[in-house]
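The structure appears right after this line, and notes come after that.
Laboratory data are not the source of any read-out in this text; all were calculated from the coordinates shown. Keep in mind that this is a model prediction, so the values were computed, not measured. Quick reminder, even Gly has a Cβ in these numbers, built from the backbone with ideal geometry, and neighbours come from all protein chains shown.
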Amino acid sequence: MTDANQQILTSDLHPTISPERLGTYLLAANRDDTKALNLYIWNAHVGEAFHLPIQAAEVALRNTINSALIRRFGADWWSDDRFLEIASDRHSKDLADVKRRIEKRGSALCTGQIVANLSFGFWAGMLDSSYNIAVWSKELGNAFPNLPIQKKRKQVATRVRKVSNFRNRIWHHEPIFRMNLSQEYADAMELLEWICPVKLNWIR
């Protein structure tokens, strides 16, 4: 920090950051305001550094799941009765909400728009066991061509949830400085490797 910034107290920032959020950093910094604020900024910079690898994994995941759904239910899987019959209530609601948002913008309803507007949570949920028979019993190897033979849908779903949870901490500006960041990075990169080693090497 600059000399001027060293005079800032965490209490001065309570109205715009909140005592609870700053308290996490103060505790880690032994109540030293300067160290706590330096840690707060460091945490933000590290989160920023994760945007590219997590974005790469998230986009690869949604595209590979979209391709799997197209193979099972056709190009407009999101409106196909066969898919809608097996979709969970939450996924049905997510799709309905996305369709409304797209139509409200005056954009055409198409698969590209649907895929781009659905959340990471939607795609993570598509790996739930309820979709195993209709989708993953036939599509797991196609969607994740480099998945080790000993790993199944359940292991992929667990990994995706882990990457999604870490992504949400960053996107919601939560502290990540106590986490095993090397492992979080490795998890995201391994997920990407299961889908596309070429993209993995490009991102690295």
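On a 0 to 90° scale, report how tilted helix 51-73 is relative to the longest principal axis of the chain, with both axes built from alpha carbons and the result rounded to the nearest 10. Between helix and principal axis, roughly 20 degrees.
Estimate the FRET efficiency between Ser182 and Asn38 by the formula 1/(1 + (r/R0)^6), using the beta-carbon distance for r and 25 Å for R0, to the nearest 0.05. About 0.75, to the nearest 0.05. Listed by chain and number, the lysines whose alpha-carbon sits under 23 Å from that of Lys151, ignoring those within fewer than 8 places in the same chain, are Lys138, Lys162, Lys199. Quote the FRET efficiency, to the nearest 0.05, computed for Leu52 versus Arg31 with a Förster distance R0 of 35 Å and r equal to the Cβ-Cβ distance. The pair Leu52/Arg31 has a calculated efficiency of 0.50. The charge dipole of the chain, taken about the Cα centre with unit charges on the Cβ atoms of Lys, Arg (+1) and Asp, Glu (-1), comes to about 640 debye, rounded to the nearest 20.
Computed over the alpha-carbon pairs of the chain, the distance histogram in 10 Å steps reads 8, 29, 27, 20, 13, 4, 0 percent, short to long. Among Ser18, Ser119, Ser67, the largest mean-square fluctuation in a Gaussian network model of the chain (Cα springs under 10 Å) belongs to Ser18. With a simple spin-label model that places each label point 7 Å from the Cα along the Cα-to-Cβ direction, the separation between Lys104 and Asn132 comes to 3.8 nm. Helix 19-28 and the longest principal axis of the C-alpha atoms of the chain enclose an angle of approximately 70°. Tell me the net charge near Ile176. Cut-off is 12 Å between Cβ atoms, Ile176 excluded, with +1 for each Lys or Arg and -1 for each Asp or Glu. Charge balance near Ile176 sits at 0. Please list, by residue number, every one of the trypsin sites (Lys or Arg not before Pro) in segment 41-107 that is coil in DSSP and has at most 12 other beta-carbon atoms within 10 Å. Answer in residue order: Arg105.
For segment 90-204, the average shadow cast by the Cα convex hull is 9.1 nm², which is a quarter of the hull's surface. Taking a sphere under 13 Å around the Cβ of Arg153 and counting the other residues whose Cβ falls inside, with K and R at +1 and D and E at -1, yields a net charge of +4. Each Lys or Arg adds one and each Asp or Glu subtracts one; over the other residues with Cβ under 11 Å from the Cβ of Ile70, this totals -1.
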